[in-house]
Amino acid sequence: MNTATSNLDVSVENPGGLQRRLTIRVPQADIEREVDARLKKVGRTARLKGFRPGKIPPRVVRQRYGGQVRQEVLSDVIRSSFSRAIQQERLNPAGGPEIEPIEAAEGGQEFAYRATFEVFPEIEIRPLADLSIERPVVEITEADIDNMIEKLREQRAEWRSVERKADEGDRVVVDFVGTIDGEPFEGGKGEEVPIVVGAGQVIEDLDKGLKGLAAGDSKTVKVKFPKDYPSEALAGKKAEFQVETRRVEEKVLPAVDAEFAKLFGVEEGGLEALRVEVRKNMQRELDERLKTSAKTRAFDALLAANEIPLPRALVNDEIRRLAMDTARRLGIEDPQQLPSVERFEPAARRRVAIGLLLQELIRKNGIELDRARVQRRVDELAAPYEKPQEAAQIYRSSRELMAQVESGVLEDQVVEFVLGQAGTVEKPMTFDEFMEP
């Protein structure tokens, strides 16, 4: 619809917080002119039984199509006038408006409606130099490599039957039947179930009852399920388990030698080559974790220093995205099976707040996306695939995938900018302290 270039008749109210309410008035004569123009256009092309094309009387066209055309005109008027109004009043909506038509007095000369919406907050970020961000300092030592090799030995451990009583760290293979008040319960029966004594694989009372068993032993173990047990039907209940021991097994670790190194793809160089490879893998994992930690600590510092009001519309949108991601990840098709909306609220608020702060930092400091860095990131993402060049091409040909890569790179650039400006406090940490807090 063609509208005048003069200012609209707009009044602005601030009901509170980020909410704004516009009352917009458009001359009724403008609307009637547009309705008449569209009806004439319809009359030239419409086909009605009993009339030749282009020869339908205007009165009949209005009777047949007038209501529909008027609704289309009003919809276009609202859309175009709202767009002009927010530009005229220099407002920045954070979500779509709720439209409420205002009933006109009989013979009124104006069409009026109210539009209620939230605006983006005005953000004044505190100087980054005032921030203090803790920076872990971690070095990989020879002892760390020794510990990692022990973990690799554990992964390749074998279990060997022994003729003795089970001790801590041994594995018992048992049949069991659990009852509550003499009645079996769902999930309380098992056959040939391997359980490592003291590893916390079963509830504490049952775990303790397995120590000292030998092959062929039978035992009744009394247990009490914890009050926070995942199954509500069992939480806090007392039960008995009748346990029959099939066998007791002890763990046998492989020797650390050249054959052990070959298990992990190190064909030459033996143990020393394995240690070099282990250090490389540990360093790669450490670097990635340090990068993630730096980003989290930078975000935490920004949020702590800059409390900003959040548009409810943006938070609700983020909650919906988190819920959809959760459903996709868990394979949930029924929305009723998703956690309650309240569970997503804290994460959604954090994401929205971080997003607004990053946008302001980008705008205020003129941070531009590093295109060369984007291309390197694509190559890194494609590298693990069997055909990296084809994988990279798939990324580059997908607007959606490239948007994700670009967003991640720009976020990294902003984080690096923040860390470069903020004050940092170094905190020495061991590899295990940092990787497994």
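The values are calculated or read from the model by the stated rules, or taken from the named source; none is laboratory data. The shown structure was predicted, so the numbers you read here are calculated from the model rather than taken from an experiment. With ideal geometry, Cβ positions are generated from the backbone for all residues, glycine too; neighbour counts draw on all protein chains shown. Heads up: the accessible areas ignore ligands, DNA and RNA and are worked out on the full protein's heavy atoms, side chains in. Shrake-Rupley method; radii C 1.70, N 1.55, O 1.52, S 1.80 Å.
Could you list, in their original order, any pairs among LYS251/LYS427; LYS211/LYS238; LYS280/LYS387; LYS211/LYS427; LYS227/LYS291 whose Cα atoms are separated by more than 32 Å?
LYS251/LYS427; LYS211/LYS427; LYS227/LYS291
Where does helix 28-45 land angle-wise versus the long Cα axis of the chain, in degrees 0 to 90, nearest 10?
90 degrees
Probe of 1.4 angstrom, ligands and nucleic acids ignored: what's the accessible area per residue over the chain, in square angstrom?
63 Å²
Give me Rg over Rh for the range 303-415, both radii from the alpha carbons and Rh done the Kirkwood way, two decimal places.
1.05
May I ask you to derive the relative contact order of the range 175-253, considering only C-alpha pairs under 8 Å and at least 6 residues apart, and to give it as an integer percent?
Relative contact order comes out at 33 percent.
Considering amide H positions built from the backbone, and no H for Pro or chain starts, which residues 5 or more places from ALA94, or on another chain, come under 5 Å of its amide H?
Here GLU118, VAL119, PHE120 satisfy the definition.
Among the trypsin sites (Lys or Arg not before Pro) within the range 207-273, which fall in a DSSP loop and have no more than 13 other Cβ atoms within 10 Å of their own Cβ?
Qualifying residues, ordered by number: LYS227.
Read through the labelled values (i) 34.4, 105; (ii) 20.5, 65; (iii) 29.0, 81 and report the label of the one computed as Rg and Dmax of the Cα atoms in Å from the structure.
Correct label, based on the coordinates given: (i).
With label points built 7 Å along Cα→Cβ from the Cα atoms of LEU48 and ARG126, find their separation and express it in nm.
Taking the simple label geometry, LEU48 and ARG126 are separated by 7.0 nm.
Taking only Cα atoms, what is the 0 to 90° angle, nearest 10, from helix 388-397's long axis to the longest principal axis of the chain?
Roughly 20 degrees between the two axes.
Could you tell me which residue out of LEU74, PRO53, LEU152 lies farthest along the dipole of the range 35-161 toward its positive end? Charges go on the beta carbon: Lys and Arg +1, Asp and Glu -1, centred on the Cα centre.
PRO53
I'd like the Kirkwood hydrodynamic radius of the range 139-195, using the inverse of the mean 1/r over distinct C-alpha pairs, in Å.
For the range 139-195, inverting the mean 1/r across all distinct Cα pairs yields 15.0 Å.
For a quick check: with amide H placed at 1.01 Å from N, whose amide H comes under 5 Å from VAL174's, ignoring anything fewer than 5 positions away on the same chain?
GLU192, VAL193, ILE195, ARG246
Identify, among PRO384, MET429, LEU401, the residue whose Cα sits farthest towards the positive end of the charge dipole of the range 307-437, taking +1 on the Cβ of Lys and Arg and -1 on the Cβ of Asp and Glu, with the dipole about the Cα centre.
Checking the options against the dipole of the range 307-437, the answer is LEU401.
About its Cα centre, how strong a charge dipole does the range 281-428 have in debye, to the nearest 20, once Lys and Arg get +1 and Asp and Glu get -1 at the Cβ?
140 debye
Go ahead and set up a Gaussian network model of the chain, Cα springs under 10 Å, then flag whichever of GLY187, GLY16, GLY95 fluctuates most.
GLY187
List the GluC sites (Glu not before Pro) in the range 89-151 that DSSP assigns to loop (not H, G, I, E or B) and whose Cβ has at most 12 other Cβ atoms within 10 Å. Which are they?
Here the GluC sites (Glu not before Pro) that fit, given the DSSP loop and packing criteria, are GLU103, GLU106, GLU122, GLU124, GLU139.
Express in whole angstrom the spacing between the alpha-carbon centres of the range 298-325 and the range 75-101.
Using only Cα atoms to place each centre, the spacing works out to 25 Å.
Each residue of the range 409-422 in order: what ³J(HN,Hα) in whole Hz does its phi give by Karplus 6.51 cos²θ - 1.76 cosθ + 1.60, θ = phi - 60°, with x for Gly and Pro?
So the Karplus estimates, Gly and Pro as x, are 5, 5, 4, 4, 4, 5, 4, 4, 4, 4, 5, x, 8, 7 Hz.
Could you run the Karplus curve 6.51 cos²θ - 1.76 cosθ + 1.60 with θ = phi - 60° over the range 212-225 and give me ³J(HN,Hα) per residue in whole Hz, x for Gly and Pro?
Taking θ as phi minus 60°, the curve returns x, 6, 10, 4, x, 6, 10, 7, 9, 10, 8, 9, 10, 5 Hz for the range 212-225.
In sequence order, what are the phi-derived ³J(HN,Hα) couplings for the range 66-79 according to the Karplus relation 6.51 cos²θ - 1.76 cosθ + 1.60 with θ = phi - 60°, rounded to whole Hz, with x for glycine and proline?
The phi angles translate into x, x, 5, 5, 4, 5, 5, 5, 4, 4, 5, 5, 4, 4 Hz.
Please provide three numbers in whole Å: the alpha-carbon extents of the range 284-342 along the principal axes, with the largest listed first.
38, 36, 14
Of all trypsin sites (Lys or Arg not before Pro) in the range 62-163, which ones are in loop regions per DSSP and have a Cβ with at most 14 other Cβ atoms within 10 Å?
Answer in residue order: ARG90, ARG156.
Is there a quick way to get the dipole size of the chain? I mean about its Cα centre, with the Cβ of Lys and Arg at +1 and of Asp and Glu at -1; what is the value in debye to the nearest 20?
Dipole magnitude for the chain comes out near 3280 debye.
222 nm [θ] for the chain, helices only, -39500 (n - 2.57) per DSSP H run of 4+, per residue, to 500?
Taken over the chain, the calculation gives -15500 deg cm²/dmol.
If you put +1 on each Lys and Arg Cβ and -1 on each Asp and Glu Cβ, how big is the dipole of the range 70-197 around its Cα centre, in Debye rounded to 20?
It comes to approximately 460 debye.
Would you mind calculating the relative contact order of the chain from Cα pairs under 8 angstrom and at least 6 residues apart, reporting the percent as a whole number?
After rounding, I find 17 percent.
Could you tell me whether the range 208-320 comes out rounded, prolate or oblate from its Cα gyration tensor? Rule is a ≥ b ≥ c as square roots of the eigenvalues, rounded for a/c under 1.5, then prolate if a/b exceeds b/c, otherwise oblate.
It is oblate, given that a/c is not under 1.5 and a/b is not larger than b/c.
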